[in-house]
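Below is one structure; the comments refer to it alone.
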Amino acid sequence: MPPIDSTTLQLILWAVIGYGLGSVPFGMVLAKVMRLGNLREIGSGNIGATNVLRTGNKTAAALTVLFDGGKGAVAVLLARLLAGEDAAQLAALTAFIGHCFPVWLSFKGGKGVATFLGLWLALAWPVGVACCLTWLAAAVISRMSSAGALAAAASSTIWALFLGHSSAFLLGVILTLLVYWRHSANIARIKAGTEPKIGQS
């Protein structure tokens with residue numbers, strides 16, 4: 001953990017701002033704007049990029065990754081600029097929680113992979129890049145986005161320690177546990193051999 005230099009009020013403020021930014025459901029917004037249908041009725045019903053890709057619109061899926069990752073990064077960068085590293089890490093956590101449990105969607109959100117990668121890129125870009133490459137390698141080998149997510153999450157704390165960002169270790173552990181929790185159904189399907197491949201409906 002970084003030193004706690006911010007005031008309690010500042011930390012509360014950035015926790016709220018982080019949650020607010022994270023809770024914007026860009027997948028749902030883009031699907032509506034681009035007239036792709038209701039994501040809740042498509043594929044897995046998830047609001048993330050993998051399910052947006054199941055609409056057949058690669059541009060929408062790419063934009064979903066960009067915006068979902070961007071909201072995590074923006075939360076971190078703003079908090080760091082206007083408060084400090086302690087606020088930045090708290091904003092990262094609440095942005096991730098906001099994506100997974102957005103108040104606008106009755107707390108039924110996405111699995112947070114793009115947001116996870118985006119906030120790591122903002123917290124410590126070498127760790128973020130390593131996580132992105134880990135995701136890519138695992139996803140290409142397995143042809144499963146969920147496998148990429150699980151590999152990236154599991155490796156994040158290792159990368160944080162190896163690349164000299166040990167102050168983010170505890171946050172990394174918490175985020176990893178949350179990613180695995182959100183992917184519990186995917187883990188069960190992977191074990192059963194029924195997890196859909198990338199691009200599969």
* **Stokes-Einstein translational diffusion, the range 12-124 - Kirkwood Rh over all Cα pairs, 1.002 mPa s, 20 °C, in µm²/s** => 158 µm²/s
* Protection proxy ranking, peptides 144-150, 133-139, 117-123, average beta carbon neighbours within 10 Å, highest first -> 117-123, 144-150, 133-139
* For helix 58-82, what angle does its Cα long axis make with the longest principal axis of the chain, in degrees from 0 to 90 and rounded to 10? -> 10 degrees
* What shape does the range 108-165 have by the C-alpha gyration tensor, where a ≥ b ≥ c are the square roots of the eigenvalues, rounded means a/c under 1.5, and otherwise prolate means a/b greater than b/c and oblate the rest? -> oblate
* Asked: Expressed as an acute angle from 0 to 90° and rounded to the nearest 10, what is the orientation of the C-alpha long axis of helix 113-123 relative to the principal long axis of the chain?
  -> 30 degrees
* Angle between the chain longest axis and helix 169-182 axis [Cα atoms, degrees, rounded to 10] -> 20 degrees
* Structure fact -> Here the convex hull volume per residue of the range 100-201, taken over Cα atoms and given in Å³, is 107 Å³
* Compute the Cα gyration tensor for the range 10-70, then decide on rounded, prolate or oblate, letting a ≥ b ≥ c be the square roots of its eigenvalues: rounded whenever a/c is under 1.5, prolate when a/b is larger than b/c in the other cases, and oblate in all that remain. => prolate
* Options (i) 132; (ii) 143; (iii) 106 - which one matches volume of the Cα convex hull per residue in Å³ as calculated here -> (iii)
* Asked: Where the centroid of each part is defined by its Cα atoms, how far is the range 88-161 from the range 29-65 in Å?
  -> 19 Å
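Taken together, the values in this text are just the output of simple stated rules run on the coordinates, not laboratory data. Because the structure is a prediction, the values reported are computed rather than measured. Positions of Cβ are backbone-derived with ideal geometry, glycine not excepted, and every protein chain shown enters the neighbour counts.
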